[in-house]
Structures are given as C-alpha cells and as structure tokens.
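The values are calculated or read from the model by the stated rules, or taken from the named source; none is laboratory data. Remember, predicted model here, so these are calculated numbers, not experimental data. FYI the Cβ positions are ideal-geometry reconstructions off the backbone, even for glycines, and counts take in every protein chain you see. Only protein heavy atoms, including side chains, enter the accessible area calculation; ligands, DNA and RNA are left aside. Shrake-Rupley method; radii C 1.70, N 1.55, O 1.52, S 1.80 Å.
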Amino acid sequence: MSVLVIAEHNHQTVNSATLSAITAAKQLGIVNVLVIGYHCEEVALSLAKVEGVEQVLVIDNHIYQHFLAETLADTIVPLTSHYTHILAAASSFGKNIMPRIAALLDVVQVSDVIAIESTDTFKRPIYAGNAIATLCTTDKIKVLTIRETAFEPAMMAKGNLAPIHTIQTTLTEKTNQLSRFIEQQLCDSERPELNNASVVVAGGRGMQTKENFQLLYALADQLGGAVGATRAAVDAGFAPNDQQIGQTGKIIAPRLYIGVGISGAIQHLAGIMDSKVIVAINKDENAPILEVADYSLVADWQEVLPDLLNRLKMGN
Amino acid sequence: MKILVAIKQVIDHHVAIQVKLDNTGVETNNVKMSINPFDEIALEAAIRLQESGIASEVIVVSIGEKPIQTTLRSALAMGADRALLIQTDVETQPLAVAKLLQAVVAQENPQLVLLGKQAIDDDSHQTGQMLAALLNWGQGTNASQIILKDDEVQVTREIDTGLEIISLSLPAVITTDLRLNNPRYIKLPNIMKAKKKPLTILAAEELDVDITPRLQTCKVELPLRRKTGIKVENINELITKLQTEAKVI
Ligand SMILES: Cc1cc2nc3c(=O)[nH]c(=O)nc-3n(C[C@H](O)[C@H](O)[C@H](O)COP(=O)(O)OP(=O)(O)OC[C@H]3O[C@@H](n4cnc5c(N)ncnc54)[C@H](O)[C@@H]3O)c2cc1C
C-alpha cells in the first residue's frame, strides 16, 4: 500500500490537520507527502522531518500562490497512479479539493474518516455524529478526508529527513480558465487556532451582544485558549464565521471546553463531543448541553463569569 | 439564464434519529422528511436571482424514490418553475448523484447549478465538487455571497481561516453555506399554485449512467455516549473541580 497525503499549509507552515492525516496514512502503508505551493521550501523541509514520512514531493510555482480547486485537482490527478490511497484533512481545504480529485479519478470518496479498520474499510460519523457508519469500497484508489480530532498529530522524528523531490508542473497560468482568486479576508489572531487549541471558550445566543463576547476572549486569553461560537451567535454577528463549531462548522476536541449561553442543539454538540472536559454555564436547568457536560453551572453568566475571570487572574 | 438547483430529501433536522437495532442503518420509516436545509438555501438564492431579473428559469431536480415528490412540490411552492424527479430505488451516493446531475445538465443546459454544501444525513460534502469536476466547470463551495457579473460569478466562500473571494467563469457550480440567506416561508396560496406547475418523472435508467453504489455500508452503530456529569453550585466549586478532579486548569 502506498499513500499520498496532500499537505495543507500557508506556504510557510504546515497545518496541524495534515499531521493528523499523516498518522492516519501510516496505518495504511508507505507515506508520501505532496506539497503544492509557492516558495514553500520551509513546508517541505518540516514535513521531511515528520516521523513515518518516506518521501516529500514538492511542486513550487507562482500559479499555486492561491489554492484554487481547479488548478490543484488538475495538478494532483496525474500524480496519483502509483498510489492506493490519497488523503487530506477534512478541513475546508480538503473538503474543497478532494471530491474534485475523486470524481476525476472516477472513484468514491470517504469523508471525515475517524477510524481505519483496514485498507478498504473506514469509520465515519453520519447524522451530525449521532451514528457511526463503517464503510468499505473496492475502488482502485481510495480517496479519504481525515477528521483531525480522531488522530494524534504525527511527531517530528529526531534525525529523520526524508528525501525531498521537486516536480515541475505541467500547468501554466493559462491552464485554469475556470476560476480566479480575488482576495482573502483572514481573521488573524494571536490566539491559538480553534481546531487544535487545548482550551476553547464558546459563546451562544445567550451572550446577547458582540460586546459581551469580549468577556469570553478575556477568559480564553487567561486560559491560553481560543474562542468559538454557535451558529446562532455567528448569524447574529457576535463572532466571525470561522469560529462556528458544529456539524457544519469546526470539529474540536480540546482538553477543556467551556460553553456559555449555549443550549446544546445536536448540530453544535456534534462539534464538541470529543472534548475531554465539557463545562456548561446556562441559566436554564433543562438546556440539553447540561446532559453532556461534565460540570454544569446553572446560572446567569452575567453573575458568574466576571467572578470566574477574576479568580483565574488572581491565580484563584 | 437558467439555474438548476439540486435538492435532497433528508430526515428533518429537528428529528432525533434512531439507529436500527440490526445495525444496518438509520430508521427512515414514519419519520418526518424535509428538504436538506443547505439545499433550501440554494433554492432561495436561485429564486432571488430570478426575482431580480438575472435568472430566467429555476429548475429543481432531486434523485430517489417517488415519495420525494412532496419535497419537490414544496420547492415549487417556494418559487421554482418546474421540477424533475430522477426516480431510482438504488441508494444514492455522491459520485452517482453527480453523474446523474451531469446528464441532467446536458439536457437542460443551465448556466449555474446550485446545491447545498452538504446534506445533513450523510454529511459527505462532495456532490457539488464532483459535479463541477465531471462537467469541467469551476466550483465555488461554501458560498456566503454570490454576485453575478456578465459572464462571471463572484463567490465569497466561508473557509477555516475566514473568507475567500473567487471569481468563476460561467457556467459554474456553487454550493451554499448557512449565511447566504434565510429561506422564505411557503405561503398557502403558493402551495395551491405549485400543484399546477410541471413535475416530470424520469427513470434513472433513461439517463444511461452507472449508479451502482460503490460504497458498501457494513454497519451503522451508536456513538459512545458521554455520561452526564455533575452540577456545581458556584464558581468556587467549579474552579476546585477543574483543578483537583479534572486537572485541566
Ligand atoms: C442545517 C443546520 C446546520 C447547523 N449547523 C450548526 C453548527 O454547525 N453549529 C451550531 O452551533 N449550530 C448549528 N445549527 C443551529 C443549531 O440547530 C442551533 O440553532 C444553535 O446551535 C443554537 O445556538 P445557541 O445555543 O447559541 O442558541 P439558543 O438555542 O437560542 O440557546 C441560547 C441559550 O442561552 C441560554 N441563555 C440565555 N441567556 C443567558 C444568560 N444570561 N446566562 C446563561 N445562559 C443564558 C439559554 O438558556 C439558551 O439555552 C445548525 C442548524 C441547521 C438547521
């Protein structure tokens, strides 16, 4: 078995989700990693040091400055013939390009894999994680996206340095007549990224205003964590879209999740169920989130949250 | 400009699903079914493009068994002009659906195909991208804004790090995210009107596409449940528990 993992990066650093995909890939066979980008030597070098990586392939060209699905799929598909499995993380990057690659190869894709049973059998959540399906396929190449929270990130191995092979692209600027990048509006933040933060403080509609979310940021900063939100809070403009947690947002598994003013709809819970410890603060004692919380505090957050913040600031 | 909207009927998002005792799947008998919420957003987007004079016709298509006609009727009541049911009792999987839609596109020649970014039953998140690949069209996934300009469409995409704006040549495939719009409620008189709108049924075999499922479901089981924890009385107790019992702060 030979596996190609499509790396996700920003031309400088590797996304942690790719390291989880490498862990999944190691369970399947020999692992090659493909880095496509522009001036992305650093990324290739850091991946060459990851335990279990046998070879890094790099395609470095200015046409890969932005990650357009059409360009990436046309670049990746011709490279797949030696491989039995093509993997990427089930992030917005992987979700965008992998089905395009699968369809061009005329093979099915298994999305959001949480366990590898064998080289052709995989487990994945369906219905917002309310059921787990075991699926198998006999397609010649297995295209999988990997749920980051289900696999530990692969580690840097001391002394490991896999060979790095540069491949020239056969595409030019003119190849992709279908799509064009215009701009990105990134939510740059000093805080840890939501998808791999060890602490997440999340707010819901019960926070009532965007200003009130500041208290959650202060709490997150105190705990070295990230801030997340429910769909209702994002829809109301309390938080940006990239902070949405849930079935259709980000899936997280922090050591500690604190949900404030969140009812606990199944679509939200789908994103937090693998958290180690769940704390819920809600004034309604019947809120569904209390059923899954390890520690629940039935209270108005306005009365308890400032106190919690002060106590943590004072080292309790 | 013609717009094709692909919709899937799924278990309503308010229903707590039941896994069958023999672990072969999820119970769908006697369960409330609805249009996949993301597809409803796609349909709303198409209808608004028609209302603003940009689209000339909105066609909805769905694939599956006969009862999904009810969902197609609701789509007509929302404002679609006509509906197409590709009838099959074969389990519909994303690649096969994309191939059937490709055949429908060949017949209908739309300039834009809109679909939800994912269906809330299998959460696969694949069909739109697969269709775009098969058609060799551009794809704009997770759209929270769509702006049509001459022979291009500008799509704002919700991505993990924020927003990305791209431009696609038409024809193109767009998949819709939650923040694109709030779908309208269906008005009673429109339900009556929808009964007169055309709904064509076509057997999947007629499209000459191989839709044999290529993914086999071996087992469907319940996830591990979290145990309900304890109630703490105040912040003091919460901090103590987190420090000494859970040891997470
Ligand atoms: C297709 C689809 C996809 C979806 N995807 C997602 C998703 O990915 N993520 C997601 O989160 N949701 C998602 N949703 C929405 C989901 O169904 C819920 O509507 C949403 O999660 C509710 O958010 P909430 O808990 O913030 O709001 P509410 O349900 O309104 O809950 C607010 C809570 O705040 C509490 N509260 C109010 N005031 C206070 C106070 N002063 N102190 C303490 N507590 C207070 C209330 O008791 C209540 O429990 C999706 C829905 C659909 C249909």
With Cα springs under 10 Å, the Gaussian network model of chain A assigns the largest mean-square fluctuation among A:Leu219, A:Leu105, A:Leu186 to A:Leu186
Here the whole-number average of other chain Cβ atoms within 10 Å per Cβ of A:279-285 is 2
Within 10 Å of the Cβ of an average residue in A:43-49, the count of other chain Cβ atoms is 0
Expressed as a whole percentage, what fraction of the accessible surface of region B:2-244 belongs to carbon and sulfur atoms when a 1.4 Å probe is rolled over the protein heavy atoms? 50 percent
Restricting region A:233-316 to GluC sites (Glu not before Pro) in coil, as DSSP defines it, with at most 16 other Cβ within 10 Å: A:Glu285
Along principal axes, Cα extents of region A:235-307, largest first, whole Å: 30, 27, 21
Which percent of the Cα-Cα distances in region B:191-241 go past 19 Å? 73 percent
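Could you tell me the ratio Rg/Rh of region B:121-226? Both radii from Cα atoms, Rh via Kirkwood.
On the way: Rg = 18.8 Å, Rh = 17.8 Å.
Reported Rg/Rh (Cα atoms, Kirkwood Rh): 1.06.
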Amide H to amide H, which residues 5 or more places from A:Val277 or on other chains are under 5 Å from it, using H placed in the peptide plane? A:Leu256, A:Tyr257
Find the relative contact order for chain A and round it to a whole percent, using C-alpha pairs within less than 8 Å whose residues are 6+ positions apart. 14 percent
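Percent antiparallel among DSSP beta bridges with both residues in the protein assembly as shown, to the nearest 5? Each step should come with its number before you reach the end.
Numbers: 42 of 119 bridges.
About 35 percent, rounded to the nearest 5.
Computed over the Cα atoms of the protein assembly as shown, what is the ratio Rg over Rh, Rh following Kirkwood?
On the way: Rg = 23.6 Å, Rh = 24.5 Å.
Looking at the protein assembly as shown, the ratio lands at 0.96.
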Find how many whole Å separate the alpha carbon centroid of region B:68-129 from the alpha carbon centroid of region B:174-249. 18 Å
Please list, by residue number, every one of the trypsin sites (Lys or Arg not before Pro) in region A:150-251 that is coil in DSSP and has at most 15 other beta-carbon atoms within 10 Å. A:Lys158, A:Lys174, A:Lys210
For chain A, evaluate the Debye formula with one uniform point scatterer on each Cα (no solvent term) and list log10 I(q)/I(0) at q = 0.13, 0.14, 0.15 Å⁻¹, rounded to two decimals. -0.97, -1.08, -1.18
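Assuming 0.36 nm per residue, please report the length gained on full extension of the stretch B:Lys66 to B:Lys187 beyond their Cα-Cα distance. Spell out each step's value before the answer.
Working: separation 121, 0.36 × 121 = 43.56 nm, distance 2.43 nm.
Taking B:Lys66 through B:Lys187 to full extension adds about 41.1 nm, to one decimal.
What number comes out for accessible area per residue over chain A if the probe is 1.4 Å? Units Å², please.
Working: 12490 Å² over 316 residues.
I get 40 Å² per residue for chain A.
If you count, for every residue in B:134-142, the Cβ atoms of partner chains within 10 Å of its Cβ, what is the mean? It would help to have the intermediate numbers written out before the result.
Numbers: counts 4, 2, 5, 3, 8, 10, 3, 7, 5.
Taking all residues of B:134-142 together, the mean is 5.
In Å, the Kirkwood hydrodynamic radius of region A:2-166 over pairs of distinct alpha carbons?
It works out to 15.6 Å.
Just round it to a whole percent: the fraction of Cα-Cα distances in region A:43-132 exceeding 22 Å.
Working: 1515 of 4005 pairs.
The calculated P(r) of region A:43-132 puts 38 percent of pairs beyond 22 Å.
Taking Rh as the Kirkwood radius, which is the inverse of the mean 1/r over Cα pairs, what is the Rg/Rh value for region B:2-244?
So for region B:2-244, dividing Rg by the Kirkwood Rh gives 1.05.
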Taking only Cα atoms and a 10 Å spring cutoff, compute GNM fluctuations for chain B and point out the largest among B:Arg73, B:Arg179, B:Arg225. B:Arg225
Gap in Å between the Cα centre of region B:9-29 and the Cα centre of region A:162-201? 37 Å
As a test of the definition: with a 1.4 Å probe, what buried accessible area, both sides summed, do you compute for B against A, in Å² to the nearest 100? 7000 Å²
